[in-house]
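Input: a single structure, listed below in structure tokens.
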Amino acid sequence: MATMKPLVTDLVSTLDHVPSNFIRPIGDRPDLQLQFTTTDSIPTIDLQGLDASNRSEIIQKIAHACRNYGFFQIVNHGVPEEVINNMMSVSKEFFNLPESERMKNYSDDPLKTTRLSTSFNVKTEKVSNWRDYLRLHCHPLEDYVHEWPANPPSFREDVAEYSRQLRRLALRLLDAISESLGLEKDYINNTLGKHGQHMAINYYPPCPEPDLTYGLPAHADPNVITILLQNDVAGLQVLKDGKWVTINPVPNTFIVNIGDQIQVISNDRYKSVLHRALVNSEKERMSIPTFYCPSPDAIIRPAPQLIDNYHTVQYKEFEYNEYYNKFWNRGLSKETCVDMFKV
Ligand SMILES: O=C(O)CCC(=O)C(=O)O
């Protein structure tokens with residue numbers, strides 16, 4: 001029976017309606033009329049010269065974007081175009097594999113470090129999302145690469161190279177964000193313990209009724225920063241001053257957003273902002289977020305340098321593990337997880 005198929009990818013060819021478990025309540029549905037009419041966007045920051053003469057100017061731009069948007073796009077980021085193209089092609093090839101081949105990687109256990117799954121957390125959620133995803137842990141690479149899919153044949157090599165490049169980029173951005181807060185360059189780096197790096201390869205098949213469901217509903221990211229690559233199909237929206245702003249795809253550009261842990265470390269100077277993914281009836285959409293994270297045992301707290309009489313302490317201290325488990329088990333929600341850790 002078609003509805004027994006676990007992945008949306010394998011359901012879609014048999015459907016001309018969205019099954020009832022995907023339908024959002026009225027009042028919580030995307031407004032597709034508005035989707036492409038907005039001309040607003042997020043700042044674009046050119047990283048050329050970040051490690052040399054333009055550093056202070058770029059850091060000021062980063063501070064402005066983190067304070068006012070929680071999101072920015074980057075160009076001249078140093079990741080070779082070929083590495084990006086290989087990552088996108090091998091991901092598409094993976095989702096085009098026969099169902100039996102893809103399903104070798106399937107699991108609905110959020111604790112598994114390599115898994116193909118669907119929606120968000122099928123064990124806890126009431127309404128499903130129009131998304132399949134392959135989730136991978138990427139750092140340290142040698143601990144995880146052997147778990148990754150062996151098919152397509154170049155998958156491990158292409159994804160490993162992309163992960164190395166993205167780690168380098170994430171570390172440069174963390175240094176810059178640290179400095180933009182007036183902290184030592186390595187303050188955030190040192191807070192993260194052994195560091196973690198995860199990746200999702202999100203696959204959103206065309207949807208027969210995209211006005212009834214989401215690829216992913218509004219949520220903020222639980223990690224430190226996210227660096228997202230999207231294919232040439234729009235769908236990502238960011239909340240800015242109460243309005244949803246569509247981030248149209250620009251080739252060879254990454255979208256960076258502040259996660260909840262920077263909101264905590266910055267003692268609320270920077271905000272982890274709600275975003276969501278819409279689907280459409282014509283084209284498959286793909287997005288590949290790299291989630292840069294603390295190690296599970298890292299202790300997270302507001303930086304003492306950012307606490308004073310005007311900025312009283314906003315969060316209690318916690319272990320990242322505790323935060324991350326709460327995030328996965330409570331479901332995606334407009335009430336961000338970070339509020340549960342307020343003093
Ligand atoms: O598909 C997108 O553009 C957003 C993905 C996202 O927010 C996520 O995977 O957490």
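Figures for the structure shown
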{"quantity": "Theoretical ellipticity at 222 nm over the chain - DSSP helices of four or more residues, -39500 (n - 2.57) apiece, nearest 500", "calculated": "-8000 deg cm²/dmol"}
{"quantity": "Rounded FRET efficiency, nearest 0.05, which uses the C-beta distance separating K5 from N190 and R0 of 56 Å", "calculated": "0.75"}
{"quantity": "Residues listed by number, the stretch 269-297, amide nitrogen under 20 Å from T124 label point at 7 Å toward C-beta", "calculated": "272-277, 291-297"}
{"quantity": "18 Å cut-off, amide nitrogen to a point 7 angstrom out along D232 Cα→Cβ, residues in the stretch 256-291", "calculated": "280-288"}
{"quantity": "N76-E157 FRET efficiency (beta carbon distance; Förster radius 25 Å; 0.05 resolution)", "calculated": "0.45"}
{"quantity": "Order of S281, S100, S41, S266 - criterion: other Cβ atoms within 10 Å of each residue's Cβ, fewest first", "calculated": "S100, S281, S41, S266"}
{"quantity": "Fully extended contour minus Cα-Cα distance, from R164 to D241, at 0.36 nm per residue", "calculated": "24.2 nm"}
{"quantity": "Amide proton proximity set for Y106, modelled H, under 5 Å, gap of 5+", "calculated": "L116"}
{"quantity": "Selection from G182, L134, L169, by position along the positive dipole direction of the stretch 114-194 (Cβ)", "calculated": "L134"}
{"quantity": "Note, ³J(HN,Hα) from phi for the stretch 151-164, Karplus 6.51, -1.76, 1.60, rounded to Hz, x at Gly and Pro", "calculated": "10, x, x, 8, 4, 4, 5, 5, 6, 5, 5, 4, 4, 4"}
{"quantity": "Amide H within-cut-off set for Q73, under 5 Å, with H built and near neighbours excluded", "calculated": "T44, I45, V256"}
{"quantity": "Loop chymotrypsin sites (Phe, Trp or Tyr not before Pro), the stretch 27-104, which have at most 15 other Cβ atoms in a 10 Å radius of their Cβ (DSSP)", "calculated": "F36"}
{"quantity": "Proxy reagent accessibility, fewest Cβ within 10 Å first, across H198, H311, H139", "calculated": "H311, H198, H139"}
{"quantity": "Stretch gain in nm, segment E142-Q48, where the contour uses 0.36 nm per residue and the Cα spacing is subtracted", "calculated": "30.7 nm"}
{"quantity": "Farthest positive-ward along the stretch 64-185 dipole, Cα basis, beta-carbon charges - from F72, P152, P98", "calculated": "F72"}
{"quantity": "With 20 Å bins from 0: P(r) over the stretch 35-341, alpha-carbon pairs, percent", "calculated": "34, 61, 6, 0"}
{"quantity": "Whole-number percent relative contact order across the stretch 210-290, with pairs defined as alpha carbons under 8 Å at least 6 apart", "calculated": "46"}
{"quantity": "Residue-wise HN-Hα coupling along the stretch 227-239, computed from phi with Karplus coefficients 6.51, -1.76, 1.60 (Hz; x: Gly, Pro)", "calculated": "10, 10, 10, 10, 6, 8, 10, 5, x, 6, 10, 10, 7"}
{"quantity": "Between the stretch 55-84 and the stretch 117-178, the alpha-carbon center distance in angstrom", "calculated": "21"}
{"quantity": "Amide H partners (placed H, <5 Å) of R301, local residues excluded", "calculated": "none"}
{"quantity": "Rounded to whole Hz, the Karplus (6.51, -1.76, 1.60) HN-Hα couplings of the stretch 289-295, x for glycine and proline", "calculated": "x, 9, 9, 8, 10, x, 6"}
{"quantity": "S107-S295 FRET efficiency (beta carbon distance; Förster radius 30 Å; 0.05 resolution)", "calculated": "0.85"}
{"quantity": "Stretchable slack from R172 to N252, in nm (0.36 nm times residue separation minus alpha-carbon distance)", "calculated": "27.0 nm"}
{"quantity": "The stretch 90-234: projected area of the alpha-carbon convex hull, averaged over directions, in nm²", "calculated": "10.4"}
{"quantity": "Degrees, to the nearest 10: 320-330 long Cα axis against longest axis of the chain", "calculated": "40"}
{"quantity": "Cβ-based exposure ranking for S13, S163, S89, S272, in which fewest neighbours within 10 Å come first", "calculated": "S13, S89, S163, S272"}
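Each reported figure results from applying straightforward, stated rules to the coordinates on display, with no laboratory input. Remember, predicted model here, so these are calculated numbers, not experimental data. As a convention, Cβ positions derive from the backbone with ideal geometry for all residues, glycine included, and neighbour counts pool all protein chains shown.
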